[in-house]
Amino acid sequence: MAAFFWIAGDGTWSTAANWTANAVPGSSDDAFISAPGGYTVSITSPISVGSVTISDAQAVLAINDAGVTQSVTGGFSNAAAAANGRNPAMESSRPPGRSMDTPEEK
C-alpha cells in the first residue's frame, strides 16, 4: 500500500505523470486529491483503488466512463463543500443505475 498524491497535468486519472512517483494508484493504494486550486480529475477508464480522499474544496472528480463500475475498496472521503444539496466534487456522465462501488455499497 502506497500513498499517491495528485500533482496536476492533463487532468486524466490514468496518466502516470499526474501522480507522485510517476505511477497511477492501484487496488491497494491510497489516492489523495489535495493539490490547491480549481481543477478536474477525470476517470475515463475503469479503476480499482484502495481509497480516495478529496481534500481540496475546489477539486472535482469526474467519472466519464459510462457503463463501468469504479472500485474503491477502502474509504472515500470528500471534503468539498456541497451547494444546493448537490456535491460539486463528484460529477458523472454515467447512465442511470451505474455507480462508484464503495465498501458501504457492497
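Going by a ≥ b ≥ c, the root eigenvalues of the Cα gyration tensor, does segment 3-81 fall in the rounded group (a/c under 1.5), the prolate group (a/b larger than b/c) or the oblate group? Rounded, since a/c falls under 1.5.
Using the Karplus relation 6.51 cos²θ - 1.76 cosθ + 1.60 with θ = phi - 60°, the per-residue 3J(HN,Hα) values for segment 9-18 come to x, 7, x, 9, 3, 7, 8, 4, 5, 7 Hz, with x marking Gly and Pro. In sequence order, segment 31-38 has phi-based couplings of 9, 10, 9, 9, 4, x, x, x Hz under the Karplus curve 6.51 cos²θ - 1.76 cosθ + 1.60, θ = phi - 60°, and Gly or Pro positions carry x.
Readers should treat all values here as calculations from the given coordinates under stated rules, not as data from a laboratory. The structure displayed is predicted, hence computed values, not measured ones.
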